[in-house]
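A quick write-up on the structure given underneath.
Just so you know, all these numbers are worked out from the coordinates, no wet-lab data involved. Being a predicted model, the structure only gives us computed values, none of them experimental. Cβ atoms come from the backbone with ideal geometry, glycine included; neighbour counts cover every protein chain shown.
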Amino acid sequence: MSYSIARRTSEIGIRMALGARSTSVLGMVMRETLLMAVLGIAIGVPCALALTRLVASRLFGVTAWDPLTLVVAAVTLALVAALAGYLPANRAARIDPVIALRYE
């Protein structure tokens, strides 16, 4: 996410120069981040459930269809993705439009 925001510095600078508030920039970046996380979870959970037969013999202490484990993994992934998006989004929201427009 940090690389993605760094590539879009001039776009964010133009948005800020045209009057976008820092909260709207923060919201834009967080929406993109959480959309990617939700898509990853939506694809990953069914794939994990489909592959449980292959790894069932290697699991110790949990069943292959343990819903608590899947929910904890999905929530952890969402929280980490939110943190990974918030840090560069916060940095982008505080950028000075003049500096952003001169970037690169």
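Scanning region 17-43 for residues that are free of Cβ contacts under 8 Å to residues at least 24 places away in the same chain and of a type outside the set (A, V, I, L, M, F, W, C) turns up Gly19, Arg21, Ser24, Gly27, Arg31.
Scan region 64-104 for residues that are surrounded by fewer than 11 Cβ atoms within 10 Å (Cβ to Cβ) and closer than 30 Å to Arg53 by Cβ and the total you get is 4. Quick check: anything in region 30-45 farther than 26 Å from Ala92 by Cβ and not small (Gly, Ala, Ser)? For region 30-45, residues farther than 26 Å from Ala92 by Cβ and not small (Gly, Ala, Ser): present. Condition check for Arg58 on (1) basic (Lys, Arg); (2) without any contact (Cβ under 8 Å) to a residue 60 or more places away in the chain; (3) within 21 Å of Tyr3 (Cβ to Cβ): one failure, at (3).
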